[in-house]
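So the structure is just underneath, and the comments pick up after that.
The values are calculated or read from the model by the stated rules, or taken from the named source; none is laboratory data. Since the structure is predicted, the reported quantities are computational estimates derived from the model, not experimental observations. Here the Cβ positions follow ideal geometry from the backbone for every residue, glycine too, while neighbour counts run over all protein chains shown. Each accessible area value is taken on the protein alone, full model and side chains, heavy atoms only, with ligands, DNA and RNA left out. Shrake-Rupley method; radii C 1.70, N 1.55, O 1.52, S 1.80 Å.
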Amino acid sequence: MREIKTVTILGANGAMGSGSAGVIAAFGGAKVHMLARDVEKAKQGIEAAVASVKTDTIRARMIPGSYDADLEKAVAESDWVFELVAESYEVKEPINTRIAKARRPGTIVSTVSSGLSIGRLAKAYDEDGQKHYYGTHFFNPPYKMILCELVTHSGNDKKVTQALGEYLDKVLGRAVVYTNDTPAFAGNRIGFQLMNEVAHFAEKYADKGGIALLDEIMSGYTGRAMGPLATADFVGLDVHKAIVDNIYDNTKDEAHETFKLPGYFQKLIDAGKLGMKSGGGLTKVVKHADGKREKFVYNIKTGEYDPYPKFDIPFIKEARQKIKDSDYKGAMEVVKKASGVEADIARYFISRYISYSLSLVGEVVDTKENTDGAMGFGFNWVPASAFVDFLGGPKETIKLMEQSKIPVPKLLKDAKEGKKFYELGDKLDARSLFKG
């Protein structure tokens, strides 16, 4: 792989395009062609890139341009072409056709796609182009979220893959996770499985607190800063739908039915209630005349918004205190021993998360460290392997799964007792991801 001195960013005015460009210019020291639909949008992208990395020194290395006037010239002199246009084949494939005609042999081309087939997108290129075509799925915002899923397909060259991975890691400071070309790759496949099944449980328990109850049960003591449904609201229900629909249509694993979009999600999407970006979705915040803000939550049964409730669930309070005291295994002991429907739900989803993460080793990734890295660095969730240790090891985890009627993955059955299961501790302290 050539040294990367010049890069073209396609989609430079978007949040991902400008954020990625900032990282590449700041850490990689590269000259960056910033291309958008018109030059003014490209200039806006430059300003956003500068702001994202908080340094003005990169401005001189960033050149604004448009697709119509500048794409071929920029691509011809680039060592890496990073495409970050809209997430659809209809938009990406015509752009790839143009890139393929202009690129030099040896130029890396990649897409930021979060789930489209990299093999299909690579078909626009000749043999050399396919060898150098990848998915480089950065997470937003790139300056703060350092995960990059490096997605390979059958036409790639292993030496190029290794060199690109080392560049992303050593030069750009990415936490590189290697994934195969499967729907939604690793992070989104695992994360949206949990989020979507939690959404189904919210409907099942709509008369007991619904959305708010499930996010309370799956709050920070279960290893995430934001509840799964709050995360869906943050991402956008339309984006959530696109991801789970893609997985549902193109996979057939044991969790297949959990990817079916809940009916109330579709109802909210049809009404334009897409989440935080539209002013409301699963929740909304209302500012009253006196300036005070009040949070409301969607009532699945009535279709109205109710004041967001507070809960007093004893085992959750006890587990949170254990987390505050840095007793992470103690917190999991509380969860394991607690009684009641809320504790049953917590145990079910902790088991499901571990099981599904580990079940993807072999199909989606080659090692559990890749799924662990995807969830730890990409979602800020405690990785599945770390949960195994916090629960007391493989035998205790298997016991929890069997109690919750969750499939036990072979990787866990074959694990040796008494040995640490989580192996990314030198790169990511999983304890820091719990919230008390």
- Item | Gain upon complete extension [residue 69, residue 234; 0.36 nm per residue less C-alpha separation] | 55.8 nm
- Query: How large is ³J(HN,Hα), in whole Hz, for each residue of the stretch 264-278 in order, when computed from phi with the Karplus curve 6.51 cos²θ - 1.76 cosθ + 1.60 and θ = phi - 60°, using x for Gly and Pro?
  - Reply: 6, 4, 4, 4, 5, 4, 4, 8, x, 9, 9, x, 4, 5, 9
- Partner lysines whose C-alpha sits under 24 Å from that of residue 123, ignoring same-chain residues fewer than 8 away, are 73, 92, 101, 131, 158, 159
- Helix 67-76 sits off the longest principal axis of the Cα atoms of the chain, rounded to the nearest 10 on a 0 to 90 degree scale, by 80 degrees
- How much solvent-accessible surface does residue 177 expose, in Å² to the nearest 10, with a 1.4 Å probe and all protein chains in place? 0 Å²
- Using alpha carbon centroids, what distance separates the stretch 186-203 and the stretch 299-354, in Å? 17 Å
- How far is the Cα center of the stretch 27-72 from the Cα center of the stretch 376-436, in Å? 42 Å
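As a quick test, which of the pairs 208/337; 368/399; 310/399; 208/260; 284/405 have an alpha carbon distance above 26 angstrom in this structure? Mind showing how you got there, number by number?
On the way: 208/337 22 Å; 368/399 20 Å; 310/399 32 Å; 208/260 23 Å; 284/405 35 Å.
Violating the 26 Å limit, Cα to Cα: 310/399; 284/405.
Considering only protein heavy atoms and a 1.4 Å probe, what is the carbon-and-sulfur percentage of the accessible area of the chain? Could the numbers behind the result be given before it?
Working: 9420 of 18680 Å².
Heavy-atom surface of the chain belonging to carbon and sulfur, 1.4 Å probe: 50 percent.
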- Task: Send over the Kirkwood Rh of the chain, from the inverse of the averaged 1/r over different Cα pairs, rounded to one decimal Å.
- Result: 22.8 Å
- Net lengthening on full extension, residue 37/residue 203 (0.36 nm per residue, minus Cα-Cα): 55.5 nm
- Note on the structure: Per residue, the convex hull enclosing the alpha carbons of the stretch 6-180 has a volume in Å³ of 93 Å³
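Of the peptides 36-47, 53-64, how do they stack up when ordered by the mean number of other Cβ atoms within 10 Å, highest first? Numbers along the way, then the final one.
Details: 36-47: 18.7, 53-64: 15.4.
So the order, starting with the most tightly packed, is 36-47, 53-64.
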- Counting all C-alpha pairs of the stretch 19-78, share separated by more than 15 Å (%): 43 percent
- Based on the mean of other beta carbon atoms within 10 Å per residue, what is the order of 150-156, 71-77, 182-188, 413-419, most packed first? 182-188, 150-156, 71-77, 413-419
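Using the per-residue mean of other Cβ atoms lying within 10 Å as a proxy for protection, in what order, highest first, do the peptides 131-143, 230-242 fall? Could you put the intermediate results ahead of the total?
Values: 131-143: 23.2, 230-242: 21.2.
Ranked by mean Cβ neighbours within 10 Å, highest first: 131-143, 230-242.
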- Task: Can you tell me the FRET efficiency between residue 435 and residue 98 if r is taken as the Cβ-Cβ distance and R0 is 30 Å, rounded to the nearest 0.05?
- Result: 0.05
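Per Stokes-Einstein, at 25 °C and 0.890 mPa s, what whole-number D in µm² s⁻¹ belongs to the stretch 201-358, with the Kirkwood radius over Cα pairs as the hydrodynamic radius? The partial results should precede the final answer.
On the way: Rh = 17.0 Å.
It comes out at roughly 144 µm²/s.
Given +1 on the Cβ of Lys and Arg, -1 on the Cβ of Asp and Glu, and no further charges, what dipole in debye does the stretch 364-436 carry about its Cα centre, rounded to the nearest 20? The partial results should precede the final answer.
Values: 12 positive and 11 negative charges, 48 e Å.
It works out to roughly 240 debye.
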- Query: In nm, to one decimal, how far is the modelled label at residue 250 from the one at residue 89, with both set 7 Å along Cα→Cβ?
  - Reply: 0.9 nm
- Message: Which one, 18, 129, 1, projects farthest toward the positive side of the charge dipole computed for the chain from Cβ point charges (K/R +1, D/E -1)?
- Response: 18
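Please calculate how many Å² of accessible area the stretch 6-180 carries per residue, with a 1.4 Å probe and no DNA, RNA or ligand atoms counted. Please report the intermediate quantities before stating the final value.
Numbers: 6960 Å² over 175 residues.
On a per-residue basis, the stretch 6-180 sits at 40 Å².
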